[in-house]
Each structure stands twice: as structure tokens, then as C-alpha cells.
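One structure is given below, encoded as C-alpha cells.
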Amino acid sequence: MVRGKVELKRIENTTSRQVTFTKRRNGLLKKAYELSVLCDAEVALIIFSQKGKLYEFSSSNMQKTIEKYRSDVKKDEICTPENEVHVQQLKQEAAAIQQQIEQLEISQRRLLGQDLVSCSVEELSHLDNKLEHTLRTIRARKTQLFKEQVEKLKAKERYLLEENARLCQENTSLCQKRIATPSQLYSTKQKDPVISNQSSQFSEVETELFVGLRVSQNSTNL
């Protein structure tokens, strides 16, 4: 009797669905085991029932097989067409930058007078013009710096001259004041002779007081 083709759709009857799950699960686990033995393949099978119960089979180690699967998935993600295009662009940019670096190194050596044997007449003329332009720029900058330094020194010189003139004027004023002070004192003494006489009498009185002991009147009478 020939079996008819079974239509693949969800089994509505709960009992029939559970029986079918058990039979096909066991058959799938058996087929996985046979595949690993017959073909020497690394097989890992994970099944969750409708209620969340776990059924698994691994020909070696389930954890190692899962880690291997994850690493392969990451490699596949990295090697997507978009990433490959981006990687190619980066490689082209890196090659262009490397070429620019090499050209700059060659130009630098030639500016230093090295590796000139392979240069043509046009390249040497271009190099000569470039050096002349560089020298003119350097000399112009050097001249500008010298001018700035000279201006600074002139400004400093003007400041020192002004400071010197101010100090000389102050010194002259002090000397004039010192010369004027004794003459003013002398003129003051001449204008006020009474004050000078009183001051001399006071000095004489003080001298008499301190010359010796005063003799009392009684001793004189005796």
C-alpha cells in the first residue's frame, strides 16, 4: 500500500501533535547520530518542545561546537559585500598615502642634494627654482625678524634716555635745595639778632649752672 503525501501544517489535535513530535524528534536525533558516525562530521542538534523542554545531541562537545559556530558567523558578517568594498577602499587609500610618503621622502633627499644622479635636466631646473623660492622666503623672514629686533632695541634706548634725563633733573633739584638751605639759615639769623642774643644768654646761663657748686649767702657772710 502506497503512503499518501502528508500536508505540512500545524496539527490541531494536542495528543496527535505530541505523538508526532516524539516520533520525529527521536528520528531526527537518530539521523544526526548516523550522520556524525558515517561521515565523521561534527554535528550538534538542539530541540525545544512546545513547553520549553530541551533535547540536544552533540557528536563532540556542545559548548565548543556553539563557540565555533559563533566565530564562523562573525567571519561571515565581516566578509559581507559592503564590508569587502569598504576594505578595498581602505587598502587603496593606504596605498595612495604610502606612495605620497615615498614621493615626499624622495623630494626631501633631493632638496638635501642626495640621489641627484637619476634626475633629468627638467627635474633639476624645477628643483633649482624651488630652492631659490625657499631661500627668498627664508631671507625675507630673517630680515623681518631683524627689523623687529632693531625696533625693540630703539624703543628700549628711548626709554633709558628718558629715564636718565628724569633722574638727572631730580638730582639737580636736590643739589639746588641743599645749596639754598644754609644761606636761608644765615639770613634768618641776621634778620632776628634778639633771638640770637637770647639764645647766647641761655647758653651762658646754662654754662654757669654747670660750672661749679653755688656758694650759699650765709657762708659768704661768715
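The values are calculated or read from the model by the stated rules, or taken from the named source; none is laboratory data. Because the structure is a prediction, the values reported are computed rather than measured. When we count neighbours, we look across all protein chains shown, and the Cβ atoms used for this are built from the backbone with ideal geometry, even at glycine. The protein model used for the area step is the full one, side chains on, heavy atoms only, and it has no ligands, DNA or RNA in it. Shrake-Rupley method; radii C 1.70, N 1.55, O 1.52, S 1.80 Å.
Quick look at the values:
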{"item": "Count - residues of region 12-57 that are exposed (fewer than 11 other Cβ atoms within 10 Å of the Cβ) and assigned to a strand (DSSP E or B)", "result": "2"}
{"item": "Boolean, Gln92 is within 38 Å of the chain's Cα centre (by Cα) and either on the phi > 0 side of the Ramachandran plot or not in a helix (DSSP H, G or I) (or both)", "result": "no"}
{"item": "Region 98-120, residues that are surrounded by 10 or more Cβ atoms within 10 Å (Cβ to Cβ) and either in contact with a strand residue (DSSP E or B) (Cβ under 8 Å, 6 or more places away or on another chain) or among the hydroxyl-bearing types (Ser, Thr, Tyr) (or both)", "result": "Ser107"}
{"item": "Hits in region 128-180 - residues which are β-branched (Val, Ile, Thr) and open to solvent by less than 80 Å² (accessible area, probe 1.4 Å)", "result": "Thr134, Thr137, Thr143, Val150, Thr172"}
{"item": "Scan of region 39-68 for residues that are aromatic (Phe, Trp, Tyr) and either within 16 Å of Gly27 (Cβ to Cβ) or touching a Gly at 6+ places or on another chain (Cβ under 8 Å) (or both), ordered by number", "result": "Tyr55, Phe57"}
{"item": "Condition met for Lys9 (open to solvent by 50 Å² or more (accessible area, probe 1.4 Å) and part of a loop (DSSP other than H, G, I, E, B))", "result": "yes"}
{"item": "Odd one out for His86 among (1) surrounded by 10 or more Cβ atoms within 10 Å (Cβ to Cβ); (2) over 30 Å from Ala32 (Cα atoms); (3) modelled with pLDDT of 85 or more", "result": "(3)"}
